[in-house]
Amino acid sequence: MNTPEEPTFRESVDIMYNRAVALMDLSPGLEEKIRVCNATYTVRFGVRLRGELKTFTGYRSVHSEHMEPVKGGIRYATGVNQDEVEALAALMTYKCALVEAPFGGSKGGLCIDPREYDENELELITRRFAYELIKRDLINPSQNVPAPDMGTGEREMAWIADQYKRMNTTDINGTACVTGKPTNAGGIQGRTEATGRGVQYALQEFFRDADGVKKAGMSGTLDGKSVVVQGLGNVGYHAAKFLSEEDGCKIVGIIERDGALTDPNGLDVDAIRHWIAGHGGVATYPGATYVEDGASVLELDCDILIPAALEGVINRTNAGRVTAPLIIEAANGPVTAGADEILRGKGTVIIPDMYANAGGVTVSYFEWVKNLSHIRFGRMQRRQEEARHQLIIDELERLSSDSGIGWELSPNFKTKYLRGAGELELVRSGLDDTMRTAYQSMASVWHERGDVDDLRTAAYLVAISKVADSYRAKGL
């Protein structure tokens, strides 16, 4: 029997979209309008490097403008192509709708291996790419707002923001043209950790859902659960760190590009991250079992599998051997549509990418609002909050003294209670609330509709309904 051909990432997104709209009552015209990408701009530009002119190819795709600005990261990778960028832009539309971030979906990419260039060369390339997009309003605080993605980070976002402000010297909101900037250049505390923190909050909310936990054939809480993480980049590192340090999870496997490390007693996430930074990989790490065929560790016996790097790592060829009862997609599209079908048939519960990794765009939304309001969160109310709490503490201590009871509030309680919320606490609070609310909107569809047997379809139904309502409100 011939194995069906593996769908591409773009085809996977369309398959999952079609599966959801088949359960909805949308007009054919509106169904098509939501599905297609509005526009994709391809740019080819030259930069003089090392004594010669090098030509680079980049993309910026706008999937949906049902809300503006549109939002989505810019990735630097050799495999960037139009289909991938358009699929990612579509996911951004649904992701923003699901978590109620008021953006349409967009995505960008540059065909480049950033490791091949030094910092000065990367700055020249990034500024030229930004120039080509800015002059066409494909970077603009009110129309199109990029963010970091694979191969980019705070540094590149700061360069893009500066380039925008050089070209738009009178735009008072220019800093809001991009998110994911360093905190000293208009960024927001908690943005770097945001996607990994969102994965943690998503898992916490899942384990509050007794019906969901039961459907996964699991029980209890996150405490003691064994976890395999594929990709120890920004997202995988923070998710693994927070789950192990704050929720009692054991990270029993970490997969990197040159192999994997395993330890049934739990791996030291920070030590491995530090080792990778100094040695370029995990092959020589001394504190764990090294597995040369890293992909095989996706099949390791564990409770939770977190693919946090590339799309398509779980596909028709290995899905049948994946044993984890719960998969949370920290990367975009790590489970192909073909693998999704196999895993659902086995009863595996998948927390889908459009929800699981939405922490990044959620905190990007907070950063964008901060830039437009020109004031950091907490600046107006923090000390007033502390003063009000101090009044309560003083009154309690006075009552204790006057009544002769003589009890004292514990110093730890007083310190925590008296500290007003600063920007980081407010960002984490807003992210936690967003992840809880979005999960509940998906779970209610998952548990209450007899024709929906998985969280991905539930997420698409919620998101597409919101996009459809926006288009209807515009008169379409």
Residue among 258, 247 that alone is modelled with pLDDT of 95 or more and among the acidic types (Asp, Glu): 247
So residue 47, is it in contact with a Leu (Cβ under 8 Å, 6 or more places away or on another chain) and either crowded, with 24+ Cβ neighbours inside 10 Å or not acidic (Asp, Glu) (or both): yes
Unmet requirement for residue 297, which otherwise passes all of (1) touching an Asp or Glu at 6+ places or on another chain (Cβ under 6 Å); (2) among the β-branched types (Val, Ile, Thr); (3) touching a residue at least 60 places away in the same chain (Cβ under 8 Å): (1)
Condition check for residue 54: touching a Leu at 6+ places or on another chain (Cβ under 6 Å) and either not assigned by TED's automatic domain parsing to the domain that holds residue 154 or not in a helix (DSSP H, G or I) (or both): no
Residue in segment 60-71 that is surrounded by fewer than 21 Cβ atoms within 10 Å (Cβ to Cβ), part of a loop (DSSP other than H, G, I, E, B), touching a residue at least 60 places away in the same chain (Cβ under 8 Å) and among the hydrophobic types (A, V, I, L, M, F, W, C) present: yes
Positions within segment 9-51 being in a loop (DSSP other than H, G, I, E, B) and more than 30 Å from residue 132 (Cα to Cα), in sequence order: 22, 23, 24, 25, 26, 27
Scope segment 360-406; condition within 30 Å of residue 236 (Cα to Cα) and acidic (Asp, Glu); matching residues: 367
Pairs, first touching a residue at least 60 places away in the same chain (Cβ under 8 Å) in segment 20-39, second among the acidic types (Asp, Glu), C-beta under 9 Å, six or more apart: 21/31; 23/451; 24/31
Some residue of segment 209-229 being in a helix (DSSP H, G or I), on the phi < 0 side of the Ramachandran plot, surrounded by 20 or more Cβ atoms within 10 Å (Cβ to Cβ) and touching a Gly at 6+ places or on another chain (Cβ under 7 Å): no
Failed item, numbered, when residue 374 is tested on (1) touching a helix residue (DSSP H, G or I) at 6+ places or on another chain (Cβ under 6 Å); (2) at positive phi; (3) not aliphatic (A, V, I, L, M): (1)
Extreme residue, nearest to residue 350 (Cα to Cα), among residues of segment 271-304 that are of a type in the set (D, E, K, R) and exposed (fewer than 13 other Cβ atoms within 10 Å of the Cβ): 301
Yes/no for residue 180 being assigned to a helix (DSSP H, G or I), within 23 Å of residue 310 (Cα to Cα) and not β-branched (Val, Ile, Thr): no
Among the residues listed as 194, 147, 176, the single one being in contact with a helix residue (DSSP H, G or I) (Cβ under 6 Å, 6 or more places away or on another chain), in contact (Cβ under 8 Å) with a residue 60 or more places away in the chain, within 30 Å of residue 444 (Cβ to Cβ) and assigned by TED's automatic domain parsing to the domain that holds residue 111: 147
Search result, residues across segment 377-394 that are within 13 Å of residue 417 (Cβ to Cβ) and not aliphatic (A, V, I, L, M): 385, 386, 388, 389, 390, 394
Cβ pairs under 8 Å, 6+ apart, first in segment 237-248 and outside any helix (DSSP H, G or I), second surrounded by fewer than 17 Cβ atoms within 10 Å (Cβ to Cβ) and not polar (S, T, N, Q): 247/223; 248/223; 248/224
Complete set of residues in segment 52-73 that are closer than 15 Å to residue 129 by Cβ and charged (D, E, K, R): 54, 60
Every residue from segment 127-182 that is small (Gly, Ala, Ser) and either farther than 21 Å from residue 41 by Cα or at pLDDT 95 or above (or both): 130, 142, 147, 153, 158, 161, 174, 176, 180
Residue within segment 93-104 that is in contact with a Gly (Cβ under 8 Å, 6 or more places away or on another chain) and either surrounded by fewer than 24 Cβ atoms within 10 Å (Cβ to Cβ) or without any contact (Cβ under 8 Å) to a residue 60 or more places away in the chain (or both) present: no
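The values are calculated or read from the model by the stated rules, or taken from the named source; none is laboratory data. Predicted model only: the values in this text are computed from it and were never measured. Cβ sites come from the backbone with ideal geometry, for glycine too, and all protein chains shown count toward neighbours.
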